[in-house]
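Working notes, beginning with the structure itself.
The values are calculated or read from the model by the stated rules, or taken from the named source; none is laboratory data. Computed from a predicted model, the values in this text were never measured in an experiment. Quick reminder, even Gly has a Cβ in these numbers, built from the backbone with ideal geometry, and neighbours come from all protein chains shown. In case anyone asks, the SASA skips ligands and DNA or RNA and just uses the protein heavy atoms, side chains included. Shrake-Rupley method; radii C 1.70, N 1.55, O 1.52, S 1.80 Å.
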Amino acid sequence: RSNGTQYSGAFGLERTLANSATPSVKDGKDFVTGGTTTITNFTDGYPGQEIFVRFAHTVTVDVTGTTLIGGTTDLSAASGDMMHWRTADGSNWYLQGFVDASANNSAGA
């Protein structure tokens, strides 16, 4: 059910991220992508914040040379994928988990 940029989805109350390289995650925990722009940072975070991003679009997440810490190769997320991020200081974000919806995850890690 739509309510502006928020709706109640499969993961609870989700806010739509701006189709921006640096979308705001102020006052939220559950987000869905708003477009296909490469993400290089999440802004307006606070120390200790955790966010969950559900991808409704194919999006590159730039983890090389940015404040997103998640490996040495940029991440490619497709529709249905999910990422969990956490920040200790409000500006550097650390990847906690990435679920590839098209992969067979039944065996676990």
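Would you mind finding the longest exposed-site-free stretch of the chain, with exposed trypsin sites (Lys or Arg not before Pro) meaning DSSP loop and at most 14 other Cβ atoms within 10 Å?
30-109
Please list the non-local residues whose amide H lies under 5 Å from the amide H of Ile69, H modeled 1.01 Å from N, same-chain partners needing a gap of 5 or more.
Here Trp93, Tyr94, Leu95 satisfy the definition.
Find how much the distance from Thr22 to Tyr46 grows on full extension, using 0.36 nm per residue of separation minus their present alpha carbon separation; answer in nm with one decimal.
Length gained, Thr22 through Tyr46: 7.2 nm.
Which value, in Å² rounded to 10, gives the accessible area of Ile69 with a 1.4 Å probe and all protein chains present?
Its heavy atoms expose roughly 70 Å² to the probe.
Given the chain reduced to its alpha-carbon atoms as identical point scatterers, what log10 I(q)/I(0) does the Debye formula return at q = 0.17, 0.21, 0.22 Å⁻¹?
Debye intensities relative to I(0), on a log10 scale: -0.76, -1.17, -1.28.
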